[in-house]
Amino acid sequence: MLKGYLCVHLDKQCHGELEKLAKHSKKHCHHVMLQFFIDQTEEIKQLEGRFVTMVARWLYRDDKADCVTVQLDEDTMPLLASNQYSHITLSCARIDNPDKEEYIKPSYSNTLIREAREGENIGDIHLSGSVMFVAFDPQPQEFNKLQKEKQEQEYRMAASREKPVTKEEPTCCGGIPLYKGKCPVCGDN
């Protein structure tokens, strides 16, 4: 079964309207998270594509991110969001790192709302979108497999730099050479 998250993906027009409020360099403005790390069950599949309306009223902003809280219309979306504060992350600031391009994570919006004294009232902005299930890529079990393969490859490279791998050299875990007398994957001698 696929793992992923359930969200309300905003209509293009709503996305554009919210983008005008975004002040940081990495723009988001595309969805309201409903539930995170869930299975794509038949119940979830039946919700996909459902039209949802909502109202954004409060803007929260600091030097790291900005977001708006939203009130989902219970007539169109009776599910409760798993986030304590239903919101849309508008934008996130770049992290000062000269080596690579990194940004504050959108989930920071939860902290921003929780720790803010109050938001800025922006009036009622009426928004709409459709319920969407977004599968993780790769899936968690695939990710774990990829991570293990990458780790095994790194250990092989480290072991080969130490001394050349020969056919007589002892191996473990499917042919991985021992590194300093131990298997780098399972730790056995």
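No value in this document is a laboratory result; all are computed from the given coordinates. The structure presented is a predicted model; accordingly, all values stated were derived computationally and were not measured. So basically every Cβ, Gly included, is an ideal-geometry build from the backbone, and we count neighbours across all protein chains shown.
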Checklist outcome for this item: The long-range amide H neighbours of L2, using H built 1.01 Å from N in the peptide plane and a cut-off of under 5 Å, are Q40
Checklist entry - Can you pull the semi-axes for segment 3-135, root of five times each eigenvalue of the Cα gyration tensor, sorted largest first, whole Å? => result 25, 18, 13
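Grab the Cα-Cα distance for K145 and D96, subtract it from 0.36 nm times how many residues apart they are, and report the gain in nm with one decimal.
On the way: separation 49, 0.36 × 49 = 17.64 nm, distance 3.20 nm.
Contour length minus the Cα-Cα distance gives 14.4 nm.
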Item to check | Within-13-Å neighbourhood charge of M54 [Cβ basis; K, R +1; D, E -1] | outcome: -4
Checklist entry - How do the peptides 108-119, 91-102 rank, highest first, by the average count of neighbouring beta carbon atoms within 10 Å per residue? => result 108-119, 91-102
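Could you tell me which of the pairs K26/K100; K23/K64; K100/K145; K23/K100 are separated by over 19 angstrom between their Cα atoms in the structure shown? Before the final figure, lay out the partial values.
Numbers: K26/K100 14 Å; K23/K64 10 Å; K100/K145 26 Å; K23/K100 21 Å.
K100/K145; K23/K100, as the Cα separations exceed 19 Å there.
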Checklist entry - Taking the simple approach of a point 7 Å from Cα along Cα-to-Cβ for both E43 and E17, what is their distance in nm? => result 3.2 nm
Item to check | Calculated from backbone phi, Karplus (6.51, -1.76, 1.60) coupling profile of segment 101-106 in Hz, x at Gly/Pro | outcome: 7, 10, 10, 4, 6, x
